[in-house]
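Shown next, in structure tokens, is the structure this report addresses.
The values are calculated or read from the model by the stated rules, or taken from the named source; none is laboratory data. The structure presented is a predicted model; accordingly, all values stated were derived computationally and were not measured. So basically every Cβ, Gly included, is an ideal-geometry build from the backbone, and we count neighbours across all protein chains shown. Accessible surface is based on the protein model in full, side chains and every heavy atom, while ligands, DNA and RNA are left aside. Shrake-Rupley method; radii C 1.70, N 1.55, O 1.52, S 1.80 Å.
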Amino acid sequence: MKRIYVMKKLPLRRDYYAICLFGFIFSVRPLSATELNHELIHAAQQRELLYIPFFIWYVIEWGILFFKYRNWEKAYFHIRFEQEAYHHQSDLEYLKYRKHFGYRRQNKLRS
Ligand SMILES: [Zn+2]
């Protein structure tokens, strides 16, 4: 079952088009297969970290990376969860063979 909700507006910020929260995907427009795959990878990450720890880890890592790069966007793209999602989003079969905690591997992000 896919739990996807298309809404007019997303909370927090306006510069993103989709977000995955607690296994539910919210977006401001229908997602392409690649975009949907990206969010489903986040859903898998969140599930295996039991949701709340995922968000705590995500925010802390973003903060640490911000201090490193002094740039929110650059920090965002270096968050391990985003690196895994961006690296594998085009591989629509990825979730079928993804190993648990796949973000622990050092995925190289295409620049
Ligand atoms: Zn993402």
Subset tally (residues that are touching a residue at least 12 places away in the same chain (Cβ under 8 Å) and either of a type in the set (A, V, I, L, M) or under 15 Å from A85 (Cα atoms) (or both)) for the range 22-61: 22
Qualifying positions in the range 77-98 - over 19 Å from L36 (Cβ atoms) and open to solvent by 50 Å² or more (accessible area, probe 1.4 Å): F77, H78, R80
